[in-house]
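Written below as C-alpha cells is the structure these notes are about.
The values are calculated or read from the model by the stated rules, or taken from the named source; none is laboratory data. All of these numbers come straight from a predicted model, not from anything done at the bench. As a convention, Cβ positions derive from the backbone with ideal geometry for all residues, glycine included, and neighbour counts pool all protein chains shown. Keep in mind that these areas ignore ligands, DNA and RNA; they rest on the heavy atoms of the full protein, side chains included. Shrake-Rupley method; radii C 1.70, N 1.55, O 1.52, S 1.80 Å.
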Amino acid sequence: MKNYVSYQQVHLSYGISGKRNQSQRFTLAILRLLVVSVILVCYFLLDRATSREFLLLLITAWLLSFVIVCFVAKNRSFSVWLSNKRYLELAFDEILIFIACYYSGGLHSPYILTLYLPLLVHAIAPLSFQLLAVTLVTMVNLFLLAVTGTPDWPLFVHLMTAILLGTAFINILVYNDLRIITAYAFHDGLTGLYSYRYFWDQLRGMMEPGSQIKTFSIIMIDLDDFKRLNDDHGHLEGDRVIREIADTIKANVRDSDLVARYGGDEFAIILPGMGYERCRSVVDRLSKSIVELGYFDHVSIGAALYPEEATTAEELVNLADTRMYRDKHRSKHPAYPDPPPVTS
C-alpha cells in the first residue's frame, strides 16, 4: 500500500504536489538572495543607526544565500538534497526574518510582512502537515518578536489573526486556481488522458536524483491504419474510436500507471515499479484488448525499462519508439528483415 500511494503522487503536477523542478529550485534561491539584498540596501539607506551586529548578520546571510544560489545552479545533486531537506530552508528563512525584524523594530519592523514569504512558498501545496508546520513556525517567530522586544499585545493579536486568515486564503485561492489550471493544461481534451507535455514532465521528474521511484517501464502505442479509418468513416467517428481505445487502455493498466495521449493516434504509458516480465504481460494484454475492439487488425507497441536500458528520458522514449516502429514494420512486411534502428 505504501508503494501504491507514492506512485499515485506522481500523477500530480509539481505545483500541486509541492515538488519542484530544477528551475523552480533555482528561482527560489534567487528570490531569497534578492530579499536579503533588499534588506541590506535598506540598511545603508535607512537604518544606519541600527546595531553593527545587524549589518554583520545581514552580510553573513547574504553570503550564505549567494553560496546556496551557486550550489543550486552548479550542483544538481545538492539542489535535490536541499529540496528534500525543506526544514533547513525553512529554518534559514525564519531565522533571517527574525533577525531582520528584531533589529529593526520588532513587531513594528518595516520587514514584518516578510513573515508571509515562507507561507507563500508553501501555499501551492494542499492544506497538509507541511503548510500547517510552516504556519506554526511563523506564529512562534511572531511570538518571539513580541516577547523579546517592547510588548504590544494588541498588535501581536492583529498580526497573528492576519497570518492565520492569510494562510487560509492564500492556500485556498492559490491551490484551487493551480488545480484548475493544471487540470486543463495537463489533460487531453478529447480523451481525458494526460497530455504529451505532462508525460514528459513526469518522466523527467521520475528520473531526477532523489526520486522515490527507482525503476519503471514505459509503453508506446500506435494505432495502425488509423488514417484509413478517418478517411472511410470521418473524423467524428475517428474521435469516438480514440476515446474508446483510451478507455480500453485505462481499463487494462493499474490506477497508479500514468496514461497519456502522445499524439493523434499514439499513446504513452508510464508503469512505476514494473520490470520486464510484468511489462511484457501488460503489452500482450493491451494488444489483445485493442484488437478485440474490431477497428484494427494490429496495433504497434514498444516498451523500454528504466534504468536498465536507458539513463535519460529521451533515450528511454527513443528506445520504446524504435521497438514500436519495428513491431509496425514486422506486421506490414512479415517476409522482410527488421529495418535499421531509429536514431535520435
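Does at least one position in region 109-120 carry a residue that is under 17 Å from VAL35 (Cβ atoms) and at pLDDT below 85?
Within region 109-120, the first condition is being under 17 Å from VAL35 (Cβ atoms), and the residues that meet it are 109-120.
Next cut, at pLDDT below 85 only: 119-120.
Within region 109-120, one or more residues are under 17 Å from VAL35 (Cβ atoms) and at pLDDT below 85.
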Point to revise | Yes/no for SER287 being free of Cβ contacts under 8 Å to residues at least 60 places away in the same chain and of a type in the set (Ser, Thr, Tyr) | key: yes
Check your understanding: So ARG48 fits all but one of (1) under 27 Å from GLN202 (Cβ atoms); (2) modelled with pLDDT under 70; (3) open to solvent by 50 Å² or more (accessible area, probe 1.4 Å); what number is the exception?
Key -> (1)
**Study point:** Search result, residues across region 216-253 that are under 30 Å from PRO307 (Cβ atoms) and exposed (fewer than 14 other Cβ atoms within 10 Å of the Cβ)
**Key:** ALA251
Exercise for review: Counting only residues that are of a type outside the set (D, E, K, R) and touching a residue at least 40 places away in the same chain (Cβ under 8 Å), give me the helices (runs of 4 or more DSSP H) lying completely in region 195-271 with at least 3 of them.
Suggested key: 196-206, 235-251
Review point. Of the conditions (1) outside any helix (DSSP H, G or I); (2) more than 23 Å from SER331 (Cα to Cα), ILE301 fails just one. Which one is it?
Key: (2)
Practice item. Only residues that are open to solvent by 50 Å² or more (accessible area, probe 1.4 Å) and either modelled with pLDDT of 75 or more or in a helix (DSSP H, G or I) (or both): list them for region 76-97, please. Key: ARG76, SER77, PHE78, TRP81, ASN84, TYR87, LEU88, ILE95
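Every residue, every condition in (1) open to solvent by 20 Å² or more (accessible area, probe 1.4 Å); (2) under 12 Å from ASP222 (Cα atoms); (3) touching a Leu at 6+ places or on another chain (Cβ under 9 Å), yes or no:
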| site | (1), (2), (3) |
| --- | --- |
| GLU266 | yes, yes, yes |
| TYR276 | yes, no, yes |
| ARG280 | yes, no, no |
| ASP284 | yes, no, no |
| ILE290 | no, yes, yes |
| LEU293 | yes, no, no |
| PHE296 | no, yes, yes |
| ALA304 | no, no, yes |
| ALA313 | no, no, yes |
Review point. Within region 1-40, restricting attention to residues that are modelled with pLDDT of 65 or more and open to solvent by 80 Å² or more (accessible area, probe 1.4 Å), which residue is farthest from LEU173 (Cα to Cα)?
Key: LEU34
